[in-house]
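Okay, here's the structure, questions in a sec.
The values are calculated or read from the model by the stated rules, or taken from the named source; none is laboratory data. Just so you know, these numbers come straight off a predicted model, no measurement behind them. With ideal geometry, Cβ positions are generated from the backbone for all residues, glycine too; neighbour counts draw on all protein chains shown. Accessible surface areas use protein heavy atoms only, side chains included; no ligands, DNA or RNA. Shrake-Rupley method; radii C 1.70, N 1.55, O 1.52, S 1.80 Å.
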Amino acid sequence: MKQLITHVRLVDASTDSPGALLIENGRIAKIYYNETNPHLEGVAIIDGGGHVLMPGFIDTHCHLRDPGLTYKEDMESGMKAALKGGFTTLVAMANTAPVVDNADKLKANLDKAKALDLCTLVQNSALTENFSKDRLVDFESTRKYTQAYSNDGLNIDDTDTMAKGLAASTTYDFILATHCEPETATVQRDIELLKEKGGHLHVCHISKKATLDAIVKAKKEGLDITCEVTPHHLYASGVDYKVHPPFRSEEDRLALIQGCADGTIDCCGTDHAPHSHEDKAKGSPGINNFETAFAMYHKVFSDHSIPLTRLSEMMSATPAKRYGLQGGLLAEGSVADLVLVDPQAEFIVEPNTFVSKSNNTPFAGEHLQGRVLWTMKGGAIRYDYGQTL
Ligand code: NCD
Ligand code: ZN
């Protein structure tokens with residue numbers, strides 16, 4: 001089947017051009033630059049209405065709560081919420097019940113994702129068994145199912161465990177993603193370990209200027225370190241709402257925005273962390289982000305005159321590159337994981353309309369700009385404005 005998406009503004013990390021895009025058998029067959037309505041025979045037309053067509057977003061950090069915490073979210077509700085947010089690939093964290101820490105548990109989640117056929121799943125393995133202090137998981141067997149390891153939710157307190165984890169990330173060629181608490185001191189420790197041991201480090205949800213400064217310095221020294229931000233740490237400061245890391249100062253927020261503008265921050269993740277009302281009341285940290293992430297990022301980027309190409313780089317191209325994934329760019333031959341957005345459309349955050357099973361957010365009533373109109377996965381539209389197919 002051939003489908004032609006006409007009348008769009010094509011935007012990815014390096015493109016911003018009017019055009020059209022032909023899809024054949026779930027892949028991008030041809031891209032028409034500066035030609036929005038090419039005449040082709042035997043194609044189904046999808047009129048893009050002058051909106052922005054981007055590569056599907058790839059989230060480097062989310063919590064799908066599956067298995068075991070499915071009253072907060074499950075893989076199906078999480079992926080449907082993600083598709084509504086324009087995400088086609090998700091890197092899910094391992095802090096489920098039980099913790100995903102062996103090949104069988106990884107395989108079970110990958111099989112579940114395959115059967116659902118919603119988003120592509122990269123399932124993190126824990127670095128240590130059941131998030132223990134120092135019992136590393138079996139890398140040989142787990143690496144067959146994942147390229148991502150993290151004890152996210154918890155800091156890796158034990159320096160020797162972190163050193164062994166980094167060494168393993170070289171031996172087995174994977175990304176070790178860290179939740180750092182205290183943030184800056186832990187990142188500084190890990191940078192010293194990277195210097196000694198090498199390794200592939202991704203620092204989750206950075207929130208402080210001092211952390212970014214340390215990472216910038218480490219990058220200049222040639223270390224393999226990347227980092228991500230979250231929508232909430234870029235969008236707001238000083239908010240009294242429990243999340244790890246907490247909302248920081250306005251100075252920190254502005255430094256993070258600068259890091260997005262100048263290229264020193266690599267990825268825009270979500271840290272989508274759904275929790276029930278009861279769990280929030282008991283103090284669980286986290287914000288439900290899939291359905292507002294793009295608009296929150298878009299608002300901040302446009303307020304600070306950071307181009308959409310850069311947002312696409314941070315939400316698609318760099319995550320794909322870092323995790324060795326398909327997609328991430330508008331390129332002929334690439335999988336047709338795409339999102340159509342209206343950057344102008346304004347809306348008010350209404351958590352009671354979330355597709356997610358939970359609706360924990362401090363941003364109810366907030367005016368945002370930038371709406372996902374539809375999300376396409378492998379050539380099939382899987383979310384259409386207002387309803388999940
Ligand atoms: C996350 C969660 O709820 O699992 N919470 C959060 O506040 N970010 C854990 C995490 O990402 O650290
Ligand atoms: Zn975390």
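Here's a check for you: in the range 148-185, which residue that is surrounded by 20 or more Cβ atoms within 10 Å (Cβ to Cβ) and among the polar types (S, T, N, Q) is farthest from ligand 1 (Cβ to nearest atom)?
SER169
Next question, about the same structure. Within the group ASP224, ASP240, which residue is under 27 Å from THR309 (Cα atoms) and not aliphatic (A, V, I, L, M)?
Working: ASP240 fails: under 27 Å from THR309 (Cα atoms).
Exactly one of ASP224, ASP240 is under 27 Å from THR309 (Cα atoms) and not aliphatic (A, V, I, L, M), namely ASP224.
Determine whether the range 40-52 contains at least one residue that is open to solvent by less than 10 Å² (accessible area, probe 1.4 Å) and touching a strand residue (DSSP E or B) at 6+ places or on another chain (Cβ under 6 Å).
Initially, the range 40-52 is screened for residues open to solvent by less than 10 Å² (accessible area, probe 1.4 Å), giving 48, 52.
So of that shortlist, the ones also touching a strand residue (DSSP E or B) at 6+ places or on another chain (Cβ under 6 Å) come out as 48, 52.
Checked against the condition, which is being open to solvent by less than 10 Å² (accessible area, probe 1.4 Å) and touching a strand residue (DSSP E or B) at 6+ places or on another chain (Cβ under 6 Å), the range 40-52 yields at least one hit.
Given the range 46-100, what strands (runs of 3 or more DSSP E) lie entirely inside it while holding 2 or more residues that are farther than 15 Å from LEU118 by Cβ, touching a residue at least 24 places away in the same chain (Cβ under 8 Å) and more than 16 Å from ligand 2 (Cβ to nearest atom)?
Where strands (runs of 3 or more DSSP E) fall fully within the range 46-100 and carry at least 2 residues being farther than 15 Å from LEU118 by Cβ, touching a residue at least 24 places away in the same chain (Cβ under 8 Å) and more than 16 Å from ligand 2 (Cβ to nearest atom), they are 52-55.
Can you pull out the residues in the range 274-309 that are open to solvent by less than 10 Å² (accessible area, probe 1.4 Å) and either more than 16 Å from ligand 1 (Cβ to nearest atom) or aliphatic (A, V, I, L, M) (or both)? Even if it seems obvious, please write down each step before you answer.
Start the filter on the range 274-309 by keeping residues that are open to solvent by less than 10 Å² (accessible area, probe 1.4 Å), which leaves 274, 286-290, 292-297, 300-301.
Listed by number, the residues that qualify are ILE287, ALA293, PHE294, ALA295, MET296, TYR297, VAL300, PHE301.
While we're on this one: Could you look through the range 88-106, keep only residues that are in contact with a Gly (Cβ under 8 Å, 6 or more places away or on another chain) and either more than 16 Å from ligand 1 (Cβ to nearest atom) or open to solvent by 20 Å² or more (accessible area, probe 1.4 Å) (or both), and pick out the one that is farthest from GLU129 (Cα to Cα)?
THR88
Residue check, GLU250 against (1) surrounded by fewer than 19 Cβ atoms within 10 Å (Cβ to Cβ); (2) touching a Cys at 6+ places or on another chain (Cβ under 6 Å), all met but one. Which one?
Condition (2) is where GLU250 drops out.
Inside the range 200-217, can you point out the residues that are over 14 Å from ARG189 (Cβ atoms), within 16 Å of ligand 2 (Cβ to nearest atom) and not aliphatic (A, V, I, L, M)?
Listed by number, the residues that qualify are HIS202, CYS204, HIS205, SER207, LYS208.
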